[in-house]
Amino acid sequence: MEIYKLQQLLSEMSLQEKIGQMVQLTGAYFDKDAVLTGVVGEQLPPEWIIRYAGSVLGVIGKEKIYDIQSKYMEQHPHHIPLIFMADVIHGCRTIFPIPLGQACSFHPELVSEAASIAASEASSEGLKATFSPMIDVSRDPRWGRMMESFGEDPYMNGIMGKAMVDGYQQKSDQGVAACLKHFAGYGAVNAGREYNDVEISQRTFLEQYVKPFCMALKAKPAMVMTAFHAIDRKPISGNKKLLRELLRDKEGFDGTVISDWGSIGQLVEQGVAADMEEAAVQAAEAGVDIDMMSPAYMFWLEKLVENGKIPESFIDESAFRVLIMKNQLGLFENPFAGLGKSEKLTPYHRAKAYELTSESCVLLKNEKILPLCQKQRVIWAGPYVTSKEFLSRWSIFGEHEAVETIEDILQKKQIKAECIPGCRMLSDEECKIWQVEPERFDEPGNERWLETITGDDTVVCVLGEHESQSGEAASRAFLTLPEEQQLFFERIAKRTRNIVTVVITGRPLDLRRISEKSRAVIMAWRPGTMGAEAVVDIVYGRTNPSGKLAVSIPWCVGQVPVSYWDIKTGHIYDADHPENRFSSRYMDIPNTPLYPFGFGLSYTEFNISDIEVQAGPDKRVHVHCKVSNTGKVAGAEVVQCYYETLCSSVVRPRKELVRFQRVFLEPGEKKTVDFSIDREEFSYYDENMEIVCSQMKLRISIGNSSDHEWGNSVIFV
Ligand code: GLC
């Protein structure tokens, strides 16, 4: 529909109809099977809100949505279509690895393809918007939502966030509106505790946590979602400075700002609004266009406009943005755009999921044991060997029945192996904490089985968190494996050293007690629908692992938050002189994580050479190098380019990722890698919060991990 017709429509709408566009209701008011991802209060919305609400979340299904949409439009005075939204976070029916795992592929093009598949499956079942990508930089694995993010690096979150938006908002009618979230800084919650306060400097907020949003905004996402917390004690859902002045005026976002579930109403709980009326005023003045499931807009906006406390122009502005979003999705021409157009879980979707899962797995350790030979006697042990639980708490439309178990895959591939679950995923006590049903477990006398293990046997242990142990409202104070699994592993480790451990988890865990007694460790994250086959093919060498960590694996929980970009300090610890007590370190653990950002092993070897770094007259930095496969099997390496700002007026990170490129090479093959970086990308805020983007002295380094450089140069730009 042409814009002037939209303006005409807006001018004809009643105040209630316009306010309706600013309210998002849970699908529970339209469908008894709607998925709930938040708390629904006792207070029913006013009847006219249900008739005029602009969007619904949590409903899916071709027939169901066709029915709801048809009835809704029929009764609406201007027959404006609803937009159906939901959390399609890492796939709709075909489930890809969690975003934290996808980031470890260092392969944005593939991440974008996966998002495009997710959009096709979602829109085919009536969804036309997803609350994804989540690009909250996260350095603290105690926070359960790290699994939804692209890890600890701002640049990585920005690149992957942009790639996902491009994938979701594909041009065809099978695209869905994307939503960058949670603006901004949610990953820095104090002590990793969910929904906690965030205390970071304005400089850190802008340089590390807002940066990914500035990068991903270039993909023109339809929406940005506000986070629950406050920045500098002003909650974001009522924060005019951040939403109008920073996000819209400075960064140029002209799409729809949607609150998080109930976050406008929570301005009252946070003590900055006396009541819902004031909360509605603050959010409307801040320019929040859609109130997701709080009582504020639905009960107060009409009165506030009528008594002149809020100009109707605010309502017009927000309602019009929602109409534009629906128009961009083609909903006025076809309210059922994309419906029924894509099958789910097709061979192609599964193949792409297998590819991305394979590239997301990170080989952390390999003492000459992997790949295994299919003919050797191998025991696959652990609760994940016969489990379909490879999805996550944020694959709300994923189908466990579509997941093959590792046991299924081994049988299908006719690989000789014994499969012994050996213990439960969680103990009864842990099930209570994580609010899950205890699984039945009547493994007969696995002690007898343990006694059959000899020192020559090889055991692949597949262990990890339960799906419920990561995601929203899943913060943990300890990062250890579930206790039953840890004890099970210890019993095996007493009998053989030939242990390969595969870890299934939504966050980095404290792997020390596992890693030191395993000859190989594979981090598989929550691998998704094709997880079993991807893991088996890596273990037996059909796939050469190429993942690199997008987040540090801490030495222990006492070390978090930890990241490769930690800010420089004085009293620098020199590992060559441990006798110097007066240095920045722990007395009982190392400063470095167990496994660092950017690290990942392969079944082959690579070499990076011919590194050249130049500051060009075009105010760009040009980096050139060559990467070769010096081993015997094909594989992919990730060339990583970092920089350190030397002699700045404020203390800055030890190093920062500024480019990366994944390169696939046959044995003996060599390829050139070139990066061209605008000097603006090295900019930072000086002591007066003024942007510095010239006269910078930089140390540019090239490596294949944040802790392993192949060469570096100091330049001035
Ligand atoms: C939740 C989450 C948010 C999600 C929304 C809708 O509370 O914080 O990420 O998109 O509600 O489910």
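The values are calculated or read from the model by the stated rules, or taken from the named source; none is laboratory data. All values derive from a computational prediction rather than experimental measurement. Note: ideal-geometry Cβ built from the backbone for every residue, glycine included; neighbour counts use all protein chains shown.
Taking the residues in segment 218-245 that are surrounded by fewer than 21 Cβ atoms within 10 Å (Cβ to Cβ) and more than 17 Å from Q266 (Cα to Cα) as candidates, determine which candidate is farthest from the ligand (Cβ to nearest atom). Of everything passing the filter in segment 218-245, E245 is farthest from the ligand (Cβ to nearest atom). Right, M160: within 21 Å of F597 (Cα to Cα), more than 14 Å from the ligand (Cβ to nearest atom), crowded, with 24+ Cβ neighbours inside 10 Å and in the same structural domain as V198 (by TED's automatic domain parsing) or not? Answer is yes for this residue. The set of residues in segment 19-75 that are more than 16 Å from the ligand (Cβ to nearest atom) and touching an Asp or Glu at 6+ places or on another chain (Cβ under 8 Å) comprises I19, M22, Y52, G61, K62, K64, I65, I68.
Could you please tell me which pairs satisfy a Cβ distance under 6 Å, a separation of 6+ or placement on different chains, a first residue in segment 83-102 that is of a type in the set (S, T, N, Q), and a second residue that is surrounded by 24 or more Cβ atoms within 10 Å (Cβ to Cβ)? The qualifying pairs are T94/H349; T94/A353; T94/T529; Q102/V111; Q102/S360.
Within segment 306-354, the set of residues being closer than 15 Å to E17 by Cα and either more than 29 Å from the chain's Cα centre (by Cα) or assigned to a loop (DSSP other than H, G, I, E, B) (or both) comprises E306, E312, S313, F314, I315, D316, E317, A319, F320. Restrict the check to segment 165-181 and report whether at least one residue is of a type in the set (S, T, N, Q), surrounded by 24 or more Cβ atoms within 10 Å (Cβ to Cβ) and away from the ligand (no atom under 13 Å from the Cβ). The answer is no, given that none of the residues of segment 165-181 is of a type in the set (S, T, N, Q), surrounded by 24 or more Cβ atoms within 10 Å (Cβ to Cβ) and away from the ligand (no atom under 13 Å from the Cβ). Tallying residues that are within 16 Å of the ligand (Cβ to nearest atom), among the aliphatic types (A, V, I, L, M) and not in a loop (DSSP other than H, G, I, E, B) within segment 182-203 yields 3.
For every residue, the table says whether it meets (1) at pLDDT 95 or above; (2) part of a loop (DSSP other than H, G, I, E, B); (3) surrounded by 13 or more Cβ atoms within 10 Å (Cβ to Cβ); (4) not assigned by TED's automatic domain parsing to the domain that holds G531.
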residue	(1), (2), (3), (4)
I415	yes, yes, yes, no
C423	no, yes, yes, no
Q435	no, yes, no, no
R448	no, no, no, no
C461	yes, no, yes, no
A474	yes, yes, yes, no
A477	yes, yes, no, no
Q486	yes, no, yes, no
F489	yes, no, yes, no
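Of all helices (runs of 4 or more DSSP H) completely enclosed by segment 97-177, which ones contain at least 2 residues that are at pLDDT 95 or above and among the polar types (S, T, N, Q)? Full working, then the answer.
Details: elements: 99-103, 108-124, 154-168.
Output list reads 108-124.
Taken over segment 70-84, the residue count meeting the criterion of being within 15 Å of G20 (Cβ to Cβ) and out of contact with any helix residue (DSSP H, G or I) (no Cβ under 9 Å at 6 or more places or on another chain) is 1.
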